[in-house]
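K.L.:
Once you've had a glance at the structure underneath, I'll fire off some questions.
The values are calculated or read from the model by the stated rules, or taken from the named source; none is laboratory data. Model, not experiment: these values are computed from the prediction. Every residue, glycine among them, receives a Cβ derived from its backbone with ideal geometry; neighbour counts consider all protein chains shown.
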Amino acid sequence: MQMFDMLHLFFSITPMTADICIPRPKQDMNLSLQELYDLPEDEVIARIHDLRTELGDNLLILGHHYQREEVIGFADITGDSLKLAQEAAKTKAPYIIFCGVHFMAEMADVLTSDSQTVILPDPAAGCSMADMANDEQVQRCWGELFQVINADEEVTPVTYINSTAALKAFCGEHDGIVCTSGNAKRVLTWAWNKREKILFFPDQHLGENTALTMGITDEDMIIWDPFKPMGGNSEADIKRAKLILWKGFCSVHQLFKPEHATTMRHNHPDIQILAHPECSREVCETSDFVGSTEMIIKHVAAAAAGSKFAIATELNLVNRLRINHPEHQIWFLSPTVSMCSTMFRTDPPHLCWAMQEILGDKQYHQVAVPASQQNMALVSLNNMLNLG
Ligand code: SF4
């Protein structure tokens, strides 16, 4: 690099946000992703530390529980997707790097102010479950329901937070609501108080497992397969159903099987099986405790020393629980590895690459939800947040 270019880099101001002044880095930080991969890992880590110092309060790094150790160590806040988006909204940091997946970054963009830019380190980090219901499919489903019932009067749409902003906006437009794995029961109660039927997407299992704890029977539930006419249901099925469950699932949590719990109990009769409600009904029914990621973390933390747990949720979280709680014995429920491959896409080179971007003049990674979608997504999110 020529001396003039170096001086120019050092003294110039980032063009990304006009009213925020971030000095350019003192060294060449504009390496390509490939160049970052070609560096030894400790050099990438050192560069992240340098960038972190350089960016100071202008940057907030969020780390979802399922992120790998090398990344979560850089997070200013760790948590589930809703907590992270809400915490980001409480700050004034102009740049937010969300180490998570796409729908999470979208939600952070919806909840934060217009002067904050949300960045996803790897734009390809999606969520296979969120991808199982898109706006077009849900609109088609709504239209098909209308052929049998008056959907606007009879159905409350409920979307799991693991969904696109477009689907949250759909729920906002149709007087529906968002739910998390921690508040699904309260949300379903709210939704049934409004109308007699619920259309729940995209995760069949969270809807089914929650409804079963509320006394809803198999007779009351139908599955909606988006690839079949009328979701694969008869008119009588649709008229009868109280709960219409979208045929979607988490590719990680579906790998746990009830026989894994059987084996664990055989080997350790005093073990407790903990499962996330995205697991199948059969796994949840055989578990001692079913709860969201945050609930599982709290359950383990509150247990008497010497407790034994086998946990059915994402591997990185289970490994972290094992590290943080040496007083317990903790196993991953499945004998095979099941980690979220899209969460795993965020590694130190991607984090470094995204941080460079804030100081550079390229915008590969910003996640921005269109204003009209933001407004309607906020309606369904606020319906949930108002439940407390
Ligand atoms: S663990 Fe499952 S639901 Fe969560 S981001 Fe990965 S694929 Fe999506």
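K.L.:
Kindly provide the set of residues from the stretch 55-82 that are within 16 Å of the ligand (Cβ to nearest atom) and in contact (Cβ under 8 Å) with a residue 40 or more places away in the chain, ordered by number.
P.N.:
Of everything in the stretch 55-82, those that are within 16 Å of the ligand (Cβ to nearest atom) and in contact (Cβ under 8 Å) with a residue 40 or more places away in the chain turn out to be L62, H64, H65, Y66, Q67, R68, V71, I72, G79, D80, S81, L82.
K.L.:
Could you identify the single residue in Q139, Q67 that is in the same structural domain as I45 (by TED's automatic domain parsing), at pLDDT 95 or above and among the polar types (S, T, N, Q)? Show your work before the answer.
P.N.:
On the way: Q139 fails: in the same structural domain as I45 (by TED's automatic domain parsing).
The conditions single out Q67.
K.L.:
Another question, then. Being at pLDDT below 95 and surrounded by 15 or more Cβ atoms within 10 Å (Cβ to Cβ): is that true of S81 here? Full working, then the answer.
P.N.:
On the way: at pLDDT below 95: yes; surrounded by 15 or more Cβ atoms within 10 Å (Cβ to Cβ): yes.
For S81, the condition - at pLDDT below 95 and surrounded by 15 or more Cβ atoms within 10 Å (Cβ to Cβ) - is met.
K.L.:
So how many residues does the stretch 36-93 have that are in a helix (DSSP H, G or I) and within 17 Å of I323 (Cα to Cα)? Steps first, answer last, please.
P.N.:
Looking only at the stretch 36-93, we keep the residues that are in a helix (DSSP H, G or I), and these are 36-38, 41-58, 69-72, 81-90.
Okay, now just the ones that are also within 17 Å of I323 (Cα to Cα), so 69-72.
Total meeting the criteria: 4.
K.L.:
Sticking with this one: When you look at A105, is it away from the ligand (no atom under 15 Å from the Cβ) and aliphatic (A, V, I, L, M), yes or no?
P.N.:
So A105 fails the test.
K.L.:
Right, here's the next one. Collect the residues in the stretch 115-146 that are surrounded by fewer than 22 Cβ atoms within 10 Å (Cβ to Cβ) and either in a loop (DSSP other than H, G, I, E, B) or within 16 Å of the ligand (Cβ to nearest atom) (or both), keeping them in residue-number order.
P.N.:
The answer is S115, Q116, P123, A124, G126, S128, D131, M132, N134.
K.L.:
If L255 satisfies every condition in (1) among the hydrophobic types (A, V, I, L, M, F, W, C); (2) surrounded by 22 or more Cβ atoms within 10 Å (Cβ to Cβ); (3) within 14 Å of the ligand (Cβ to nearest atom) but one, which is the exception?
P.N.:
It is condition (2) that L255 fails.
K.L.:
Can you confirm whether the stretch 12-29 contains a residue that is surrounded by 17 or more Cβ atoms within 10 Å (Cβ to Cβ), touching a Pro at 6+ places or on another chain (Cβ under 8 Å) and either modelled with pLDDT of 95 or more or not in a loop (DSSP other than H, G, I, E, B) (or both)?
P.N.:
Keep residues of the stretch 12-29 that are surrounded by 17 or more Cβ atoms within 10 Å (Cβ to Cβ), which gives 14, 16, 22, 24-25, 29.
Remaining after also requiring touching a Pro at 6+ places or on another chain (Cβ under 8 Å): none.
Taking every residue of the stretch 12-29 in turn, none turns out to be surrounded by 17 or more Cβ atoms within 10 Å (Cβ to Cβ), touching a Pro at 6+ places or on another chain (Cβ under 8 Å) and either modelled with pLDDT of 95 or more or not in a loop (DSSP other than H, G, I, E, B) (or both).
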